[in-house]
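Novice: Sharing a structure with you now.
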Amino acid sequence: MSPETQQPALQQLLLHVSNYSNYYKRLFREHNIHVDAIKTVADLAQLPFTTKDDLAQYNDDFLCVPKSRITDFVTTSGTLSDPVAFYLTDSDVERLATNESESFRCAGGSENDIYQLMTTIDRRFMAGLAYWMGARKMGAGMIRVGPGAPFLQWESIQRFSPTVIIAIPSFIPRLIDYAVANEIDFTASSIQSIICIGEPIRNPDFSLNELGKRITSQWDVKLYSTYASTEMGAAFTECGEGKGGHLNPDLLILEVVDDEGNAVKDGELGEVVVTTLGVEGMPLLRYKTGDLCNVYYEPCSCGRTSPRLGPVVGRKQQMIKFKGTTIFPPALFDVLDAVKEIDLYQVVVSKNEFGNDEITVVLPMQLQTSAFRETMHSLFKSRLRVSPALTFVTTEELTFRIYKQEKRKPEKLIYI
């Protein structure tokens, strides 16, 4: 779908929010915006951006239908702030299913596959619902195991022979370690590919990062990277070429902008901005995700012509200024994932008495030797030019800190 073919859906969206969204009605009035003057995708530039702060401050003002019409109530993960509510009508849930079905197919999936879901489907988590709905719509099977529980994961794999795992990639080394420790021949399992969510497994040049290399060096599986958020209700999913996540132009209008709000060129880094098409309950116009990605407009070698996004380099709100160096958390993770002795870690970002960022990496107690400290100091220095502080706690305490019961994702990064 080209920008021209997105225009009817855009005009329908503008009419919908101008009639039913208290937030956008107020915004249009304050900025003297007439929606009938916005006729093309390019005309979207006339509208101000919608931000995470707007969503948090005026949450229910974005709702375009009575709450009696809401089918599913979800919230964002609340990584950096309080979770924001998102309301889905029956039509929105079906849109989720359409997105995920197309995403699975993009990642080589078919109705002949059986997917094993290693993320939660409850706790107001949109993604888990989307995966289940997408597999159902495609006609594939789904084993809803949920997060953690390596014994149950392997029991399900051995019992039901799934072909695809859906998981946060940092969980996979733990899954492999459990198999090795319990003499499970994981290399002979039915698993052919892993759909990786929530964390990048590639560098900006599309080569596998340290986590991706760690998985594939042990297990002959195909990795597919994805990028999604609750706010967009859609996903950018890699094809078999592994050269970025493909936009589904039926569901989103994509912009990637610089700090001044101008569109960046092919291959350049910018903030991802989305306008949601076909959303009934809480549609968004020019929503700034805060995520920084490289964008690619040239057709993919798979034959698809939709724009692609590279891995998330970082989030604007997570940019760390440490000893004069700008660092995004994925760069820290990449160093830690390169060390085979490390299977658990948490990065803690705090402020010192002068208001400057400090970084502490929490690691398991058994690694606390002077030789290990020196190795990590040298590795961080060579890769990032700076070295964070290291602290050590018991494996039990670190596991508790990372895998909190009330959280939907592992807390590899916290701000205090």
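Novice: Sum up the charges of everything whose Cβ sits under 14 Å from the Cβ of residue 219, counting Lys and Arg as +1 and Asp and Glu as -1, but leave residue 219 out.
Specialist: Result for the neighbourhood of residue 219: +1.
Novice: R0 = 60 Å: FRET efficiency of residue 371 with residue 262, Cβ-based, nearest 0.05?
Specialist: Efficiency at R0 = 60 Å is approximately 0.75.
Novice: Quote to one decimal, in nm, the extra length available between residue 414 and residue 111 on full extension: 0.36 nm per residue of separation minus the C-alpha distance between them.
Specialist: So the extension gain works out to 105.1 nm.
Novice: Sticking with this structure for a sec: With a 1.4 Å probe and every protein chain left in place, work out the accessible area per residue of region 207-284 in Å², rounded to a whole number.
Specialist: 33
Novice: Another question, if that's okay. Taking θ as phi - 60°, what are the ³J(HN,Hα) couplings along region 177-183 by the Karplus curve (6.51, -1.76, 1.60), each to the nearest whole Hz, with x for Gly and Pro?
Specialist: Result, rounded to whole Hz: 4, 5, 4, 5, 5, 10, 6.
Novice: Could you work out the relative contact order of region 218-296? I mean the mean sequence separation of Cα pairs under 8 Å and 6+ apart, divided by the number of residues, in percent. Please list the in-between numbers first.
Specialist: On the way: 140 pairs, mean separation 17.4, N = 79.
Normalised by residue count, the contact order of region 218-296 is 22 percent.
Novice: Follow-up. Run lengths n ≥ 4 of DSSP H only: what is the helix-derived mean residue ellipticity at 222 nm for the chain, with -39500 (n - 2.57) per run over all residues, to the nearest 500? If you can, show how the numbers build up before the last one.
Specialist: Values: 11 runs with 125 residues, N = 416.
So the calculated ellipticity at 222 nm is -9000 deg cm²/dmol.
Novice: Can you give me the distance in nm between label points at residue 190 and residue 159, each placed 7 Å from the Cα along the Cα-to-Cβ direction?
Specialist: 1.2
Novice: Another question, if that's okay. Using the crude model of +1 on Lys and Arg Cβ and -1 on Asp and Glu Cβ, and no other charge, please compute the dipole size for region 126-254 relative to its Cα centre, in debye to 20.
Specialist: Around 260 debye, computed over region 126-254.
Novice: Here's a follow-up. Could you work out which residue, out of 238, 397, 30, moves most in a Gaussian network model of the chain, that is, has the largest mean-square fluctuation with Cα springs under 10 Å?
Specialist: Of the options given, 30 has the highest mean-square fluctuation.
Novice: Using a Gaussian network model of the chain with C-alpha springs under 10 Å, which one of 172, 33, 121 is most mobile by mean-square fluctuation?
Specialist: Looking only at 172, 33, 121, the largest GNM fluctuation is found for 33.
Novice: Select from 299, 169, 204 the residue whose mean-square fluctuation is largest in a Gaussian network model of the chain (Cα-Cα springs shorter than 10 Å).
Specialist: Maximum fluctuation in the GNM of the chain, among the listed residues, is at 299.
Novice: Sticking with the crude label model, points 7 Å out along Cα→Cβ, report the distance from residue 222 to residue 269 in nm, one decimal please.
Specialist: Reported label-point gap for residue 222 and residue 269 is 3.0 nm.
Novice: Continuing with the same structure: With no solvent and one equal point scatterer placed on each C-alpha of region 237-292, evaluate the Debye formula and give log10 I(q)/I(0) for q = 0.21, 0.25, 0.28, 0.29 Å⁻¹, two decimals.
Specialist: So the normalised log intensities are -0.88, -1.08, -1.17, -1.19.
Novice: Next question. Short version: ³J(HN,Hα) in whole Hz for each residue of region 159-165, in order, from phi by Karplus 6.51 cos²θ - 1.76 cosθ + 1.60 (θ = phi - 60°), x for Gly and Pro, what are they?
Specialist: The phi angles translate into 7, 10, 6, x, 9, 9, 9 Hz.
Novice: Within a Cβ distance under 13 Å of residue 163, other residues only, what is the Lys/Arg minus Asp/Glu net charge?
Specialist: Here the count lands on -1.
Novice: Continuing with this model, one more query. What is region 314-361 by shape, rounded, prolate or oblate, if you read a ≥ b ≥ c off the alpha carbon gyration tensor as root eigenvalues and call it rounded for a/c under 1.5, prolate for a/b larger than b/c, and oblate otherwise?
Specialist: Note, shape of region 314-361 comes out prolate.
Novice: Give 25/316; 25/265; 321/351; 137/404 a once-over and call out the pairs whose C-alpha atoms are over 22 Å from each other.
Specialist: Violating the 22 Å limit, Cα to Cα: 25/316; 25/265; 137/404.
The values are calculated or read from the model by the stated rules, or taken from the named source; none is laboratory data. Everything numeric in this text was worked out from a predicted model, so none of it was measured. In this analysis, Cβ positions are derived from the backbone assuming ideal geometry, glycine residues included, and neighbour counts consider all displayed protein chains. Remember, those area values only see protein heavy atoms, side chains included, never the ligands or the DNA or RNA. Shrake-Rupley method; radii C 1.70, N 1.55, O 1.52, S 1.80 Å.
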